[in-house]
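What follows draws every value from the coordinates through simple rules; no lab data is involved. Keep in mind the model is a prediction, meaning the values are calculated, not measured. Neighbour counts run over all protein chains shown; Cβ positions are idealised from the backbone, glycine included.
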Amino acid sequence: MNTPDHLNHRKDISKFPDQQRTDELIHQKNNSDTEAIHDLVRKHLTFVAKAKLAMRVGRYDEMVEYMTKHLAAMPVELTAEERNLLDTAYKSLIRTRRESWRFLSNKIERQEFKNASSEEKWQFLIRNNYRNDIGKQLSNICFDILKVLEEHLIPTAATRESKAFYYKMKGDYSRYLIEFSTGNDLKNAAINSIMAYKTGSNIAFDDAVAHLNLFSEESFENSTLIMQLFRDNLLPLKTWNNYRHTK
């Protein structure tokens, strides 16, 4: 009895959706086990497809899960599109929480507590506790992606462009921690953000020079764009840091 095509698990190389990606990985890993590499890349592309679907329907928690727990831990270099998906997943996950935290902070800071009635003080405490809960959620999200970056993505980045991108992400999510951190946590977040931006900026500059020499216009433009993003984020941080030390 013949097995139906859709149940046949034998891999037809000529029909594989990303042969170039597979060939690159085989060369990178110096691995002759083509079947195993095909399985790895197929699984990788499946998670990418699921992450895109999750983004389209606004299920960002699941998008983050696909892009980190599955993709980031797999020995496959992320493409520029996949790196952007990873960043979009986390930024989408924290965007509404950051807005909520800022809204509550504004309400709390404007409220006069000393001469407030019992009802107003009760409302103040409710808002403050809720803001703290949101702050903890934001911290957990930021620490989650920072761990993925530091333990998986940065150490295994195969190109200067991808490494610069990951340091940009590290700077961004460390910078977000500044918004709702205090004491040593705030200080560490600021230092980590500045150092990540500086490191990534240097890598992006070297990459831009290399691509200029190689006349790779697209990669050169990508590198110079990343450098501009580093500069835009680093300058306000330096200004904030200098202001903080003069207070």
message = Give me a comma-separated list of calculated 3J(HN,Hα) values for the stretch 150-165, in order, Karplus coefficients 6.51, -1.76, 1.60 applied at θ = phi - 60°, integers in Hz, x for any Gly or Pro.
response = 6, 8, 10, 6, 5, x, 9, 4, 8, 10, 5, 4, 5, 5, 4, 4
inquiry  = Counting other C-beta atoms within 10 Å, and keeping those with at most 11, which DSSP coil GluC sites (Glu not before Pro) do you find in the stretch 61-132?
reply    = 112
key: Estimated vicinal HN-Hα couplings, Hz - the stretch 91-104 in sequence order (Karplus 6.51, -1.76, 1.60; Gly, Pro = x)   = 4, 5, 5, 9, 4, 5, 5, 5, 5, 5, 4, 5, 4, 5
request  = With a 10 Å radius around each residue's Cβ, average the other Cβ atoms per peptide and rank 34-42, 170-178, highest first.
outcome  = 170-178, 34-42
query = According to a simple spin-label model (label point 7 Å from Cα along Cα-to-Cβ), what is the distance in nm between residue 133 and residue 110?
reply = 2.3 nm
